[in-house]
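Some notes on the structure that comes next.
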Number of protein chains: 2
Amino acid sequence: MGGRGAPAVPDLVARARQGDPAAVARLITLVEDASPLLREVMSALREHVGRAHVLGITGPPGVGKSTSTNALVAGMRRAGRRVGVLAIDPSSPFSGGALLGDRVRMGDHALDRDVFIRSMGARGHLGGLAWSTPQAVRVLDAAGCDVVVVETVGVGQSEVEVAGLADTTLVLVAPGMGDGIQAAKAGILEIGDVYVVNKADRDGADRTRRELRTMLSMADRPEGAWRPPVLRTVASTGTGIDEVLAEVDRHAAWLAESGELARRRTARARREVEAIALAALRERWGGAGGRGDLDGLAGRVAAGDVDPYAAADELLAQD
Amino acid sequence: MGGRGAPAVPDLVARARQGDPAAVARLITLVEDASPLLREVMSALREHVGRAHVLGITGPPGVGKSTSTNALVAGMRRAGRRVGVLAIDPSSPFSGGALLGDRVRMGDHALDRDVFIRSMGARGHLGGLAWSTPQAVRVLDAAGCDVVVVETVGVGQSEVEVAGLADTTLVLVAPGMGDGIQAAKAGILEIGDVYVVNKADRDGADRTRRELRTMLSMADRPEGAWRPPVLRTVASTGTGIDEVLAEVDRHAAWLAESGELARRRTARARREVEAIALAALRERWGGAGGRGDLDGLAGRVAAGDVDPYAAADELLAQD
């Protein structure tokens, strides 16, 4: 090849490290496409990463995630920080594409050279976010971002996933969302490092904050553990945003001091390595020219000729 | 061991095949717990499965899924069919438990010997539904169910997942939910075999039905392909339920005639075998006494000593 379509990885990486937005965008596209070049990219990025703080932002639909992200990014920019934003969109594994939604509102920072903003779809990869997000984070980290914000549209398991991907997880809730079963259902009580009741000018904000605090206080936390604060914001006016950023900084300091940062990053790397290894195996089993005959085995399972465990044994024995 | 805690698989399977609810429940618990006994259970069930029709029911929260499931089960019971219901609840991988929610409403059938109802959590297994649901379906199938209903709380990717698990997927929508981007976002247009506008006595039901039909008609379907009907129900009163069941039967007949049933079941078995194989590998890599040193590799990735692809290579080479 070697034409326009085949980027030279060393050149792309060098340009991305200088903060060239086009090179950064191109590298993240390689991540999204699960490009075979990623192996070379990640090898080249290795010694240039680990500096950025990864801030996960999640919460249920309608809570004001984009507005909050926008306001938090503005606050970080005022503090002179370079910021990367990865907005993880839901995507259909059938259509393969991420839909545009409320990204439009991020327009405030669209022309700011020190803010990279990127919408990413999970695209039905095995491991989804676990696979692609850490690699996109590495790209932004190597590009000199002080903070990488990972914003997920909070549906289903994605809140839980983002907690595993971030150094600090910020959970947004709206007034009236505090009632026990709902909060527990969403699994939000276990994942947040900082909780924010947004739209705090609305009725019920104080009650929601109180209830959240009560629920959080019931958790069994060992001595020295981080106790998640519950703050209030009106993201649309910027009210409370600086306080949130101060708590994020305080959490970042705690992470470093307590050794939890290394623990979280190791756990994240574990999932990432595992996802890469599993994807390689899947390809081997099922891809064209793959050694394993997964389709043949599946047909025999469907026909009742073999049970799924015996089929899995056969698959693994073929390796 | 051999005490009360260790069930004899052949005995359990024999009792389940006779429709003993306690034995059925026990076997599904083994599935939920990812018990090592499952290997023996699935081997014993192998020649007794493949008869039940698997009906997936999904749709966004608030659409009336439980009420609809209840009404559909009542209709199937009137037709003399034995029915199993698997209600897949969201569950936190942190707490490990499924939360009780609107299951209470299924109480109508709780004492009916020819209806098995079971709430299942996905519990953060690798592959989640892909792993556990087909095995639970096999248990209910072997227990003599003519139909196994798999109801998912429709959040995020679960609608998409249920489509892969079912022979027939029924998608519920509520009036006013028809607007394009929302339907597309939820990915519902690609997954349904039968669409039902529930709460059809409300304003906007006809418009939603029309819009859904228009959107569905834009899909490029080959000659002889199934064209998903869009029906209306008021599940709370039972209105329209028999028509839905007739369409489900029509779809079942089409599946068998067209060869699509075998294709779907093979695809399902493929995902299941793959998930079992991957789970075995994960255990090998990371479990106590596992051969692979995933934790050590992850620590080196987090420290920047090795990139994740090289780490994955090392992991696979250890196998």
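The values are calculated or read from the model by the stated rules, or taken from the named source; none is laboratory data. Worth saying up front: this structure is predicted, and the values here are computed from it rather than measured. Glycine also receives a Cβ, built like all others from the backbone with ideal geometry; neighbour counts cover every protein chain displayed.
Annotation note: Cβ proximity below 9 Å between a residue of region A:16-32 that is outside the structural domain of A:Arg138 (by TED's automatic domain parsing) and a residue that is surrounded by fewer than 17 Cβ atoms within 10 Å (Cβ to Cβ) and hydroxyl-bearing (Ser, Thr, Tyr) (sequence gap 6+ or interchain) occurs for A:Thr29/A:Ser35. Here are some conditions: (1) in the same structural domain as B:Ala200 (by TED's automatic domain parsing); (2) modelled with pLDDT under 90. B:Val54 meets all but one. Which one does it not meet? With (1) in the same structural domain as B:Ala200 (by TED's automatic domain parsing); (2) modelled with pLDDT under 90 applied to B:Val54, the lone miss is (2).
Filtered by the rule that a residue be buried (at least 17 other Cβ atoms within 10 Å of the Cβ) and of a type in the set (D, E, K, R), region B:261-283 gives B:Arg264, B:Arg265, B:Arg268, B:Arg270, B:Arg271, B:Glu272, B:Glu274, B:Arg282.
Of the helices (runs of 4 or more DSSP H) lying entirely inside region B:206-319, the ones with 2 or more residues being of a type outside the set (Val, Ile, Thr) and farther than 30 Å from A:Ala44 by Cα are found at B:241-258, B:260-286. Return yes or no: is A:Leu37 under 26 Å from A:Asp167 (Cβ atoms) and either in contact with a strand residue (DSSP E or B) (Cβ under 8 Å, 6 or more places away or on another chain) or modelled with pLDDT of 90 or more (or both)? Answer is no for this residue. Consider region A:247-270 and keep the residues that are in contact with a Pro (Cβ under 8 Å, 6 or more places away or on another chain) and either of a type in the set (Lys, Arg) or more than 30 Å from B:Ala280 (Cβ to Cβ) (or both). The one that is farthest from the other protein chains (Cβ to nearest Cβ) is A:Glu247. Tell me which residues, restricted to region A:31-70, are within 19 Å of A:Gly192 (Cα to Cα), of a type in the set (A, V, I, L, M) and crowded, with 24+ Cβ neighbours inside 10 Å. Within region A:31-70, A:Val54, A:Leu55, A:Ile57 meet the criteria. The set of residues in region A:271-280 that are more than 13 Å from A:Ala34 (Cβ to Cβ) and more than 7 Å from chain B (Cβ to nearest Cβ) contains only A:Arg271. Out of contact with any strand residue (DSSP E or B) (no Cβ under 6 Å at 6 or more places or on another chain) and closer than 15 Å to A:Asp307 by Cα, is that true of B:Arg46? Answer is yes for this residue.
Within region A:39-46, is there a residue that is within 14 Å of chain B (Cβ to nearest Cβ), over 17 Å from A:Thr133 (Cα atoms) and not charged (D, E, K, R)? Yes.
Screening the candidates A:Ala98, A:Ala79 for the property of being of a type in the set (A, V, I, L, M), at pLDDT 85 or above and surrounded by fewer than 22 Cβ atoms within 10 Å (Cβ to Cβ) yields one hit, A:Ala79. Taking A:Ala110, is it assigned by TED's automatic domain parsing to the domain that holds A:Arg250, modelled with pLDDT under 80 and of a type in the set (Gly, Ala, Ser)? Against the criterion (assigned by TED's automatic domain parsing to the domain that holds A:Arg250, modelled with pLDDT under 80 and of a type in the set (Gly, Ala, Ser)), A:Ala110 qualifies.
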